[in-house]
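Novice: The structure is given below, and queries will be raised subsequently.
The values are calculated or read from the model by the stated rules, or taken from the named source; none is laboratory data. Computed from a predicted structure; not experimentally measured. Positions of Cβ are backbone-derived with ideal geometry, glycine not excepted, and every protein chain shown enters the neighbour counts. The protein model used for the area step is the full one, side chains on, heavy atoms only, and it has no ligands, DNA or RNA in it. Shrake-Rupley method; radii C 1.70, N 1.55, O 1.52, S 1.80 Å.
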Amino acid sequence: MKKKQLVYITGTLLVSVFGYSQDTLSISKKELLEKVSEKNLQIKIAEKTYLSAKADYQQSNALFLPNINVSHTGILTTNPLMAFGSKLNQEVLTASDFNPALLNDPARTQNFGTKFEIQQPLINMDGIYARQAAKTKMEAYQLQTERTKEYLELEVSKAYMQLQLAYKAVKVLEKANTTGKANLKLVQNYFQQGLLQKTDVLNVQIRVNEIANQLQYAKSSIQNASDYLAFLLNEDAQGKTYKPSEELETTISVETINTSLSDSRKDIQAMNKSTVAYKKMFLSSKMNFLPRVNAFGSYEMYDKNFLGTSAKGYLVGAQISWNVFDGYKSIGKMNKAKADFQKAEVETEQYKKQSQLELNKTNRQLQDAENKVTLSQLALEQSQEAYRIRQNRFTQGLEKTTDLLQTETQMIQKELEHLQSVFEYNFTKQYLQFLTK
């Protein structure tokens, strides 16, 4: 029985170890950017939206191309008018068909007709402006797709740096954990020699447990960052952990960046294109009050037999149509298009001002982040030196355990703060480049 229990426990442990193990995949930032451009769902949605707008523009080709229909119709009738017309179309009328008795009460008549119809637009001013609007809308979505790709590049850079930061934090805390255990061993030796009290040992044990807890949270941050990267790559995150092939830079490089808002930015160009599209739709609604000129024609073949072609004829013509009044429908449509155009102008102006506001804010954030990196670096160096001094004095019995623990905690905190400040600076710099791109 004990042997069976041992086998069961061993099997359970193997499932726990191997069934829930994580695959660690090393990946570079360049590889991420390549994969995101191919697999990201947000980019695919933007591309499909552009294709939808392109299809709308293709529909406007009907403004210049003919509309051609082919039909074949068969009827069987005793209706006087239809029977007479069918014989006339078949070119089989005789003098006897004009007999009033036959005209009023015709025999059952069979007719098959094949008809080719063509309609050709000639002058449709409203359609011309609607086509221009569709083309401009398509161009706006194309620009928006390109801007989406630029945004995803920024998002990937941020996620990659977060992953680097998480690994760096784990490294710092693992080092702190090793140091904490060494201090605990030292304090336990002192306690056994009667040089320290039990409370000193307990304080160090508490500190070691706190570091272990922080380390666990840091490892969870690695998995969270990996899951987000997998989401951006449209990959299954289950059982997968990414590891950056490049480590987080602990120093910063200050560069001169163009801080002026440019109208050549893809999203601003898209907003301008969208406004132009609304303007074209407004002009199209105004042109709806003008007459339209269209040509038409048909070629017809009739016979009493199926698919017969014994009688043939054609019809060609042109039509000028003018919708003089449609119960304020066109007027309402024009007013709506005008309001939409004016709204688009205001929204574009607002978007530009918001973008400038965001740019100014990010400039200040970059300056603050640079200052924060400098101060955190100085604080880290000072805390490291303070810990070194206190540790030396502690080994000589000249410092309290609580003072050593406090200095150690401060040193770890300052190192993590410095890493965070470097991350914030590098991301803010990239975000500023994105805003001025």
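Novice: Inspect region 363-378 for any residue being within 17 Å of Lys168 (Cβ to Cβ), over 33 Å from the mean Cα position of the chain (by Cα) and either surrounded by 14 or more Cβ atoms within 10 Å (Cβ to Cβ) or at pLDDT 90 or above (or both) and give the result as yes or no.
Specialist: Yes, region 363-378 contains at least one residue that is within 17 Å of Lys168 (Cβ to Cβ), over 33 Å from the mean Cα position of the chain (by Cα) and either surrounded by 14 or more Cβ atoms within 10 Å (Cβ to Cβ) or at pLDDT 90 or above (or both).
Novice: Quick check, is Gln120 out of contact with any Phe, Trp or Tyr (no Cβ under 6 Å at 6 or more places or on another chain), polar (S, T, N, Q), in contact (Cβ under 8 Å) with a residue 60 or more places away in the chain and open to solvent by less than 70 Å² (accessible area, probe 1.4 Å)? Break it down stepwise before answering.
Specialist: Values: out of contact with any Phe, Trp or Tyr (no Cβ under 6 Å at 6 or more places or on another chain): yes; polar (S, T, N, Q): yes; in contact (Cβ under 8 Å) with a residue 60 or more places away in the chain: yes; open to solvent by less than 70 Å² (accessible area, probe 1.4 Å): yes.
Yes: the conditions hold for Gln120.
Novice: Considering only region 191-233, state which residues are in contact (Cβ under 8 Å) with a residue 60 or more places away in the chain and open to solvent by less than 70 Å² (accessible area, probe 1.4 Å).
Specialist: Correct list: Leu196, Asp200, Asn203, Val204, Arg207, Ile211, Gln223, Ala225, Ser226, Leu229, Leu232, Leu233.
Novice: Of these, Ala237, Ala182, which one is part of a helix (DSSP H, G or I) and without any contact (Cβ under 8 Å) to a residue 24 or more places away in the chain?
Specialist: Among Ala237, Ala182, only Ala182 is part of a helix (DSSP H, G or I) and without any contact (Cβ under 8 Å) to a residue 24 or more places away in the chain.
Novice: Would you check which residues across region 99-133 are touching a helix residue (DSSP H, G or I) at 6+ places or on another chain (Cβ under 9 Å) and assigned to a helix (DSSP H, G or I) and list them?
Specialist: Matches in region 99-133: Leu102, Leu103, Asn104, Met125, Asp126, Gly127, Ile128, Tyr129, Ala130, Arg131, Gln132, Ala133.
Novice: Follow-up. Restricting to region 306-345, give me the number of residues that are open to solvent by less than 80 Å² (accessible area, probe 1.4 Å) and of a type in the set (Val, Ile, Thr).
Specialist: Adding up the residues that qualify gives 2.
Novice: Related question: Among what's in region 401-418 and is acidic (Asp, Glu) and closer than 14 Å to Val204 by Cβ, pick the residue that is least open to solvent (accessible area, probe 1.4 Å).
Specialist: Restricting to residues being acidic (Asp, Glu) and closer than 14 Å to Val204 by Cβ, the top hit is Glu408.
Novice: Can you run down the residue pairs with Cβ atoms below 6 Å, 6 or more apart or on separate chains, where the first is in region 344-363 and over 22 Å from Gln430 (Cβ atoms) and the partner is in a helix (DSSP H, G or I) and among the β-branched types (Val, Ile, Thr)?
Specialist: Ala344/Thr275; Glu345/Thr275; Thr348/Thr275
One line per residue, one yes/no per condition, for (1) part of a helix (DSSP H, G or I); (2) farther than 30 Å from Arg364 by Cα; (3) basic (Lys, Arg); (4) touching a Ser or Thr at 6+ places or on another chain (Cβ under 8 Å):
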site	(1), (2), (3), (4)
Ile389	yes, yes, no, no
Arg393	yes, yes, yes, no
Gly397	no, yes, no, no
Leu404	yes, yes, no, no
Met411	yes, no, no, yes
Glu424	yes, no, no, no
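Novice: Return the total of residues in region 281-331 being closer than 26 Å to Ala134 by Cβ, in contact with a strand residue (DSSP E or B) (Cβ under 9 Å, 6 or more places away or on another chain) and not in a loop (DSSP other than H, G, I, E, B).
Specialist: 8
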